[in-house]
1. Looking at the structure I just gave you, is Leu26 surrounded by 12 or more Cβ atoms within 10 Å (Cβ to Cβ), out of contact with any Leu (no Cβ under 6 Å at 6 or more places or on another chain) and at pLDDT 95 or above?
2. Within region 1-29, count every residue that is among the aromatic types (Phe, Trp, Tyr) and under 31 Å from the mean Cα position of the chain (by Cα).
3. List pairs: first in region 133-158 and within 13 Å of Ile113 (Cβ to Cβ), second surrounded by fewer than 19 Cβ atoms within 10 Å (Cβ to Cβ) and of a type in the set (Lys, Arg), Cβ under 9 Å, 6+ apart or cross-chain?
4. Of the residues that sit in region 124-158 and are of a type in the set (Ser, Thr, Tyr) and either assigned to a loop (DSSP other than H, G, I, E, B) or surrounded by fewer than 20 Cβ atoms within 10 Å (Cβ to Cβ) (or both), which one is modelled with the highest pLDDT?
5. Which count do you get for residues in region 72-123 that are of a type in the set (Val, Ile, Thr), closer than 15 Å to Asp141 by Cα and part of a loop (DSSP other than H, G, I, E, B)?
6. If I filter region 60-82 down to residues being loosely packed, with under 15 Cβ neighbours inside 10 Å and not hydrophobic (A, V, I, L, M, F, W, C), which single residue comes out as modelled with the lowest pLDDT?
7. Restricting the search to region 83-100, which residues are exposed (fewer than 12 other Cβ atoms within 10 Å of the Cβ) and either of a type in the set (A, V, I, L, M) or under 23 Å from Arg153 (Cβ atoms) (or both)?
Amino acid sequence: MLHAISLSAVLLGTWLLLSGYFTPLLISFGVLSLVIVICIAWRMDVIDHESHPVHLTWRIPAYWIWLLIEIVKANFDVAKTILGFGEPASPNVITVKPSQRTELAQVIYANSITLTPGTISVELENGEITVHALTQGSANDLSTGVMDRRVTRLESGL
């Protein structure tokens, strides 16, 4: 029930922010639409901890800030590689073993790898992530496990 209430609040807030209309008639139509959508989603049994991860709500902003900083740093590294000032391009494919317990956290980890320039998650299967790295340095960064530990900390709440 907590997931349904939280999802309702997020959907209603998003709708209000994006619509920009605050007349009683339109707000009542929006609330009616929201109730219908939540009822259908509840009936389909698609409201769970993965579709709307309430348990990550308070921890995710700090992770996003850290990830944004990593994305900016990786952008500079890729730009230096392209311009010939940095490490030469040596594309390779590596396999990374995530330490996360849940599929949701493994997907967050794989998506974080892809969001960071110079690396792309090619496959997530059987608890292993296949990654294409542009340079040896970006592959080494993944092998240090810093991002893995951050996602594990996000998952566990430590």
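1. Details: surrounded by 12 or more Cβ atoms within 10 Å (Cβ to Cβ): yes; out of contact with any Leu (no Cβ under 6 Å at 6 or more places or on another chain): yes; at pLDDT 95 or above: no.
When the stated conditions are applied, Leu26 does not pass them.
2. Just the residues of region 1-29 that are among the aromatic types (Phe, Trp, Tyr), to begin with: 15, 21-22, 29.
Subsequent filtering for residues that are under 31 Å from the mean Cα position of the chain (by Cα) retains 15, 21.
Counting residues in region 1-29 that are among the aromatic types (Phe, Trp, Tyr) and under 31 Å from the mean Cα position of the chain (by Cα) gives 2.
3. Note: pairs meeting the criteria are Asp148/Lys97.
4. Restricting attention to region 124-158, the residues satisfying the condition of being of a type in the set (Ser, Thr, Tyr) are 130, 135, 138, 143-144, 152, 156.
The next check asks that each one be either assigned to a loop (DSSP other than H, G, I, E, B) or surrounded by fewer than 20 Cβ atoms within 10 Å (Cβ to Cβ) (or both); those that pass are 130, 135, 143-144, 152, 156.
Values: Thr130: 95, Thr135: 92, Ser143: 87, Thr144: 90, Thr152: 90, Ser156: 80.
By that ranking, first place goes to Thr130.
5. Initial filter on region 72-123 (of a type in the set (Val, Ile, Thr)): 72, 78, 81-82, 93-96, 102, 107-108, 113-114, 116, 119-120, 122.
Still in the running and closer than 15 Å to Asp141 by Cα: 72, 78, 93-96, 113-114, 116, 119-120.
Checking the rest, the ones that are also part of a loop (DSSP other than H, G, I, E, B) come to 116.
Selection size over region 72-123: 1.
6. Checking each candidate, the answer is Pro61.
7. Passing the criteria: Leu83, Thr95, Lys97.
The values are calculated or read from the model by the stated rules, or taken from the named source; none is laboratory data. No experiment lies behind these values; they were computed from the predicted model shown. Don't worry about glycine lacking a Cβ; one is built from the backbone with ideal geometry, like all the others, and counts go over all protein chains shown.
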